[in-house]
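Every number in this text was worked out from the coordinates using simple rules, so none of it is lab data. Please read all numbers here as calculations on a predicted model, not as lab measurements. Here Cβ is always computed from backbone atoms with ideal geometry, including for glycine, and neighbour counts include all displayed protein chains.
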Amino acid sequence: MKKILALLLCSLALTANAKETINIIYGFSAGDNVANYARNLAEEANKIQDKYQFTFDVKSGAGQVVAVNYVKNTPNTIFMTSGAYWVRPNFYPNESYDVHEFRTIMTQCSIPFAVASSKFASWKDVPTDRPLTVGTSGLGVVSHLTAVQLQTRYPKITVVPFKSTTDALVAAAGGQIDFGIGFLGDLAHWSEGGKLNILGTTGPKPVGGYPNLSGQGFPAVLSKMNSMHNLMVPKSWSDAKAHEIREILVKAENTRSVRIAYNLDYCEPVQIPENKLQSWFDDQNSTWTSLTKGVKIN
């Protein structure tokens, strides 16, 4: 009887101490530096409280559609995304999702994309009269939208979709494609080793010593194509829970390891106040819809 009572008490103690798991899902490659935004955020969140156990996982494929569907159908999951969330449904309305099924609980940082090549050292070396290839992190995402803008000067560029920007950059470094579009943190290894030349970035100004694309004669719209990473949850989450989790993650975001991950990509921290998140969400939806309007997919 004493043994049974002891086991029962032990079981009750374990139940009382059990933490609720919250899983942060990323829709591209676990090898991307961007994945560290969520990976490090989860680790830091676990250090500052005992109620929840934050974890990190990847569900890649179909321009984040796999990740969106997973989070929508799996309790206690958070989706880490970017402008790609609003771009995909505008490119592929019948193979995507309804953006209004989710809401942002926290913004993270605004990140530029970079175009790199192992074959060309500058744009003046790039021919306009022969076929070219550019790798993106899938179709219907911001890197794809960036590639479409490159076609205005180089109409014979073919977009080659990969599962992540990292995969696209590996192919560019190996010479399998002419250009890769990715983030500066992932490009550092290749550019420092002399295997990739960074030809330009999105955004309104030069970043990291590299010229911006719109300042080199490409469409001015590229100056608006920096992408804001943010955390979303399905609207089925209660306001109270969304607020509680946000408070933990905002505090965790201000730690050194998370900010280092941001800095590697020149991702500028931007924290929108909680009471302005819905208007920010609506503005992002409007902005990316406008940026994709009239864009033709070849």
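Tabulated data for the structure shown
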read-out: Between 0 and 90°, nearest 10: helix 277-292 axis offset from the chain longest Cα axis; value: 30 degrees
read-out: Förster radius 35 Å - calculated FRET efficiency between Gln216 and Thr255 (Cβ-Cβ, nearest 0.05); value: 0.45
read-out: Antiparallel content of DSSP bridges confined to the chain, in %, to 5; value: 50 percent
read-out: Calculated FRET value between Asp129 and Trp280, using beta carbons and R₀ = 35 Å, to 0.05; value: 0.20
read-out: Values of log10 I(q)/I(0), in the order q = 0.23, 0.25 Å⁻¹, for region 74-175 under a Debye, Cα-only, solvent-free model; value: -1.33, -1.47
read-out: Gain on full stretching of the segment that runs from Asn263 to Lys156 - 0.36 nm per residue minus C-alpha separation; value: 35.1 nm
read-out: Length-normalised contact order of the chain in % [C-alpha pairs under 8 Å, at least 6 apart]; value: 25 percent
read-out: Cross-link partners of Lys47 among lysines (Cα-Cα below 18 Å; sequence separation of 8 or more within a chain); value: Lys19, Lys251
read-out: Geometric extent, Cα atoms of region 41-96 - Rg, Dmax (angstrom); value: 13.9, 42
read-out: Most fluctuating residue given options Asn212, Asn69, Asn33, as computed from a GNM of the chain linking Cα atoms under 10 Å; value: Asn69
read-out: Values of log10 I(q)/I(0), in the order q = 0.11, 0.14, 0.16 Å⁻¹, for region 167-241 under a Debye, Cα-only, solvent-free model; value: -0.41, -0.57, -0.68
read-out: More than 36 angstrom apart: percent of Cα pairs within the chain; value: 20 percent
read-out: Fully extended contour minus Cα-Cα distance, from Val66 to Gln176, at 0.36 nm per residue; value: 36.9 nm
read-out: Gaussian network model of the chain, Cα within-10 Å springs - most flexible of Tyr210, Tyr262, Tyr85; value: Tyr210
read-out: Antiparallel bridges, percent of DSSP beta bridges restricted to region 114-224 (to nearest 5); value: 50 percent
read-out: Proximal lysines relative to Lys205, as straight alpha-carbon distance under 21 Å, when same-chain residues fewer than 8 apart are discounted; value: Lys124, Lys224
read-out: CD proxy at 222 nm, helix term only [per DSSP H run n ≥ 4: -39500 (n - 2.57); per residue of the chain; nearest 500]; value: -11500 deg cm²/dmol
read-out: Convex hull volume of region 114-224 per residue (C-alpha atoms, cubic angstrom); value: 88 Å³
read-out: Proximal charge balance of Ala172 [Cβ under 12 Å; K/R count +1, D/E count -1]; value: -1
